[in-house]
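> Dumping the structure here so I can ask a few things about it.
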Amino acid sequence: MFGYRVPAPDQAMLISGGRRGLGGAPFRVVTGHGKFVLPVFRKTRFLTLSMCEAEVVENCVTRQGIALSVRAVIAFKVGNDTESIVNAGQRFLSDQDQMSILTGRIFAGHLRSIIGSMTVEEIVTERQKLATEVLDTSKSEMAKIGLHVDSLQIQSIDDGDTGYIDAMSAPHKAAIQRQAQIAQAKATQAAAEAEQEAARNQAEYARQTAIVQAEYSAEVERAQAKAAQAGPLAEAHAQQEVLDARTELAERAAQLRQQQLVAEVVKPAEADAERIRVLALAEAERMKIQAEAAASYDRVALDRMLIDQLPLIVKEAATGLSGANVNVLNGADGLGEIAAGLVGQGLTILESVRNNLGTPASDGQGGREPGDLKRYLGAPAQRKDADGGGKSDGPVEIE
């Protein structure tokens, strides 16, 4: 519509003529909406509210007297409030490019001032501190001309040919290089260790595989050997069982034979010996009784009677041995020894009986010494005739 004006979103419309603006400004400020402007009577101008940029390249001297070339970039714009728009409009409306030039100059002055109070080390290591201080010192001046700084970036710091920054960074470079070399060496060592570990793992895996295969092979061989030995082992076990059975049978047969020998030989011999002993004792008792009965008679007759019984005693002893199983080892000498033993046994029994029956002579009659029986057996027997004389009939024979 004719006479109706609308500013762009990043513009402020300044209407001069007619009423004055806020705070006695020579124009009114319209932003964000349109306004009907009378032609000829009113004049309309537009002030940009968009972002602007100013670059500063300044040679500065530090507190140490070292010249530095500093390059910085400032991002700024006209403030959104009416007061800032009025201030900026009054200063830059006719030539808005002057905003960047003036901003650059303002920041160049503050940058020189702040760098002059800092060392190179502080400037290099604390760039953000430098930018913050520059912003803080320039904020009030920028507000007076209606501008607002969004950011300040220190892009580069150069000491020219002095080499101070390079010298300052040399230890750090060396440390970084050393750390880089150490890191590289560690990485190389780690890679070598990883390769060695992988090789060891592969070798261990191969060893384990070989061991398992060997164990499997050994187990298969043992199973095959066991299967091959099963038949011979079974046969050997069977033969061993047969041998054990035969051995047990032989032992039982030997025990049975031993029991038979005891029953057939030892027991009968013991029984016969016992019987002979009992008979001898009985005969001895009988002879003792007879001897006591004839004690008052002639001892010669009693001795004779004992001598007459000797063959019977020997015979009885021989009869007791007749049923025994006697082995003669020495032939005729062995028989002679048996006969002599029988006779000796009879003589022993006879002498024992006589010793038990005999009493010592008190008056020189009717008693003899125990050795008289042997003298009767070895000397001629004396007998009395009718007239009392003695007569020798020769030695007594035992039948």
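> Share of Cα-Cα pairs in region 154-295 beyond 28 Å, in percent?
The share of Cα pairs beyond 28 Å in region 154-295 comes to 75 percent.
> Calculate the FRET efficiency for K144 and A203 from the Cβ-Cβ distance with a Förster distance of 56 Å, rounded to the nearest 0.05.
0.10
> Another question, then. Fully extended, how many nm does the chain gain between Q260 and Q229 (0.36 nm per residue separation, minus their Cα-Cα distance)?
Result for the pair: 6.6 nm of gain on full extension.
> Between Q177 and S117, what is 0.36 nm times their sequence separation minus the Cα-Cα distance? Round to one decimal in nm.
The span from Q177 to S117 would gain 18.4 nm if fully extended.
> Per-residue HN-Hα couplings for region 114-119, Karplus 6.51 cos²θ - 1.76 cosθ + 1.60 at θ = phi - 60°, whole Hz, x for Gly and Pro?
Those phi angles translate into 6, 5, x, 9, 10, 8 Hz.
> How big is the accessible area of Y4 in square angstrom, nearest 10, if you roll a 1.4 angstrom probe over the protein chains?
That residue has around 110 Å² of solvent-accessible surface.
> Express in nm, to one decimal, how much length is gained between V278 and Q155 on full extension, taking 0.36 nm for each residue of separation and deducting their alpha carbon distance. Please report the intermediate quantities before stating the final value.
Values: separation 123, 0.36 × 123 = 44.28 nm, distance 15.04 nm.
Contour length minus the Cα-Cα distance gives 29.2 nm.
> Continuing with this model, one more query. Just in region 56-136: which GluC sites (Glu not before Pro) are loop by DSSP and have at most 16 other Cβ atoms within 10 Å?
Those that pass, being in a loop and sparsely packed, are E126.
> To continue, here is another question. Using θ = phi - 60° and the Karplus relation 6.51 cos²θ - 1.76 cosθ + 1.60, list the HN-Hα couplings for region 204-221 in order, rounded to whole Hz, with x at every Gly or Pro.
Per residue, the Karplus-derived 3J(HN,Hα) values read 5, 5, 5, 5, 4, 5, 5, 5, 4, 5, 5, 5, 4, 5, 4, 5, 5, 5 Hz.
> Expressed in whole Å with the largest first, what are the equivalent ellipsoid semi-axes of region 42-128 derived from the C-alpha gyration tensor as the square root of 5 times each eigenvalue?
34, 11, 10
> Rounded to the nearest 0.05, what FRET efficiency do D97 and E55 give with R0 = 22 Å and r taken as the Cβ-Cβ distance? Could you check? Mind dumping the intermediate values first?
Working: r = 14 Å, r/R0 = 0.62.
The pair D97/E55 has a calculated efficiency of 0.95.
The values are calculated or read from the model by the stated rules, or taken from the named source; none is laboratory data. Model, not experiment: these values are computed from the prediction. Every residue, glycine as well, gets a Cβ built from its backbone with ideal geometry; the counts of neighbours run over all protein chains shown. In case anyone asks, the SASA skips ligands and DNA or RNA and just uses the protein heavy atoms, side chains included. Shrake-Rupley method; radii C 1.70, N 1.55, O 1.52, S 1.80 Å.
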